[in-house]
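The values are calculated or read from the model by the stated rules, or taken from the named source; none is laboratory data. Source: prediction; values computed, not measured. Cβ coordinates were reconstructed from backbone atoms using ideal geometry, including for glycine residues, and neighbour counts include every protein chain displayed. For the accessible areas, the whole protein counts, side chains as well, though only heavy atoms, and no ligand, DNA or RNA atoms are used. Shrake-Rupley method; radii C 1.70, N 1.55, O 1.52, S 1.80 Å.
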Amino acid sequence: MKLIYVCSPYRGATRKAVKKNIQRARSYCRLVIQQGGIPFAPHLLFTQFLDDKNPRHRRLGLSLGTEMLERCDELWVFGEPSSGMAGEIICARNYGLPIRWFDSEGRAVRDE
């Protein structure tokens, strides 16, 4: 089974927007499992013990995610990339990882 890095928005303008992004990320993880992969969604994991509103915690979470990205087999991007996602996409390209693009509903758009 491939280890798939799930790249999707976390932040939002309101608490409701963040909750919606979390729900979507969970559904993207289920999609990865349905496709036979193992999902790794750092924004769901690290926000359990790091405060994304704290700049130091956010930088640490992004750094930890980047460390894990190097160990993954593919990066799957869901929705319109945020600034944090853009950094992950650049790292995946630098690592030579395959990148799959999906819309926010989880429909495949293209492969890179």
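Just a few scattered comments:
- Reference-scaled alpha-carbon Rg (2.2 N^0.38 Å with N residues) for region 36-95: 1.10
- Arg26/Asp73 FRET efficiency (R0 22 Å; Cβ-Cβ; nearest 0.05): 0.60
- Extension gain for the segment Asp103 to Ser63, taken as residue separation times 0.36 nm less the Cα-Cα distance, is 11.9 nm to one decimal.
- The aspartates and glutamates within cross-link reach of Lys19, meaning a Cα-to-Cα straight distance under 15 Å and a gap of 8 or more places when in the same chain, are Asp51, Asp52.
- Of the chymotrypsin sites (Phe, Trp or Tyr not before Pro) found in region 24-63, those in coil by DSSP whose Cβ has at most 10 other Cβ atoms within 10 Å are Phe49.
- Total charge dipole magnitude, the chain, about the Cα centre, Cβ charges on Lys, Arg, Asp, Glu only, Debye to nearest 20: 560
- Calculation over all alpha carbon pairs of the chain in 5 angstrom steps from 0 returns a P(r) of 2, 12, 24, 28, 20, 10, 3, 0 percent.
- 1.4 Å probe accessible area per residue over region 19-67, in Å²: 64
- Stretch gain in nm, segment Asp111-Ala13, where the contour uses 0.36 nm per residue and the Cα spacing is subtracted: 32.3 nm
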